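Here's the structure we're looking at; comments come further down.
The values are calculated or read from the model by the stated rules, or taken from the named source; none is laboratory data. Note that the coordinates shown come from a computational prediction; the quantities given were computed from them, not determined experimentally. Virtual Cβ from ideal backbone geometry, glycine too; neighbours counted across all protein chains shown. Protein only, heavy atoms only, side chains kept; ligands, DNA and RNA dropped before computing areas. Shrake-Rupley method; radii C 1.70, N 1.55, O 1.52, S 1.80 Å.
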Amino acid sequence: SRREGFSAVPNVKWDDVGGLQFLRQEFDRYIVRRIKYPDDYEDFGVDLETGFLLYGPPGCGKTLIAKAVANEAGANFIHIKGPELLNKYVGESELAVRTIFSRARTCSPCLLFFDEVDALTTKRGREGGWVVERLLNQLLIELDGAEQRRGVYVIGATNRPEVMDRAVLRPGRFGKLLYVPLPTPDERGMILKAIARKKPLDADVDLMAIGKDSACENLSGADLSALMNEAAMAALEDKLTSSYKGPGGTSNGTSRTIKDTHFRRAL
Ligand code: ATP
């Protein structure tokens, strides 16, 4: 797969994201339109936050949203995994932070996504000690270089906002906190629909109803993606089984889709 820090415009669209309409609006205002119509934002002297923190339970679309934002804005996307950055040799991780920001500047507009950002910003004085502290200080220097940061947007993601050092949550840093919740029953249906866009779904399947099924209670987007995959597997197995029956078997066009029964089996 791609090496760490590789930049490109991601291929995730807003249509791939189910629910989370509120976040779409926020990012449209704060990032997407700003990149598309920089002169208008300049004319009105609008000074907006450029650093965000997406927080909430795992698997609910934080990474997906960040990619969709970059795609809609036509911006490059650099994905940094907090723990990987931290695991570099002492001293080297500070250099890595500098390198990441400098690369982001050269390919601006650019969205820098810090996944598991809490690993880098754990409250000072805790375990991990001075390695984290030095890395954190370097990160703050980069985040605060407002002029230099033009065209570089920063989004962090965490499941544990409470362990993060307050200093990084200030405006201009990861200052705008946005909660990414577990989906409601309706949103589960919308997520299933978003995921099904690329799947051969039978016309009779009612994904909104499946989303409301009690068996889907408390499932995250990632769980729903796994459910869709299992249903697709069940459909595939049906198709293969019927194909093996040979010329006299029941293999026909209708066995090429994912049906309600396949979801029932997966639930
Ligand atoms: P983590 O905190 O574990 O990193 P995350 O919040 O970043 O999780 P993602 O990586 O964005 O979650 O989601 C994992 C997968 O789950 C996505 O690739 C997608 O298939 C599915 N998914 C999650 N949320 C949604 C959503 N709102 N709409 C569509 N698919 C979703």
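If I filter the range 82-96 for residues that are under 15 Å from Ala157 (Cα atoms) and open to solvent by 10 Å² or more (accessible area, probe 1.4 Å), do I get at least one hit?
The answer is yes, given that some residue of the range 82-96 is under 15 Å from Ala157 (Cα atoms) and open to solvent by 10 Å² or more (accessible area, probe 1.4 Å).
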Identify the single condition in (1) surrounded by 15 or more Cβ atoms within 10 Å (Cβ to Cβ); (2) more than 15 Å from the ligand (Cβ to nearest atom) that Arg24 does not satisfy, given that it satisfies every other one. (2)
Considering only residues that are open to solvent by 30 Å² or more (accessible area, probe 1.4 Å), outside any strand (DSSP E or B) and over 20 Å from Glu72 (Cα atoms), which ones fall in the range 43-57? Asp43, Phe44, Gly45, Val46, Asp47, Pro57
Which listed residue is open to solvent by less than 20 Å² (accessible area, probe 1.4 Å) and either away from the ligand (no atom under 14 Å from the Cβ) or touching a Ser or Thr at 6+ places or on another chain (Cβ under 7 Å) (or both), from Ala73, Ala68: Ala73
Say we look at the range 148-192 and pick out the residues that are over 22 Å from Ile31 (Cβ atoms) and outside any helix (DSSP H, G or I); which of these is farthest from the ligand (Cβ to nearest atom)? Asp165
Here are some conditions: (1) farther than 20 Å from Arg33 by Cβ; (2) at pLDDT 95 or above; (3) not hydrophobic (A, V, I, L, M, F, W, C). Glu92 meets all but one. Which one does it not meet? (2)
So, in the range 1-21, how many residues would count as being open to solvent by 70 Å² or more (accessible area, probe 1.4 Å) and within 13 Å of the ligand (Cβ to nearest atom)? 4
Could you figure out which of (1) closer than 30 Å to Glu230 by Cα; (2) open to solvent by 20 Å² or more (accessible area, probe 1.4 Å); (3) touching a Lys or Arg at 6+ places or on another chain (Cβ under 9 Å) isn't true of Gly151? (1)
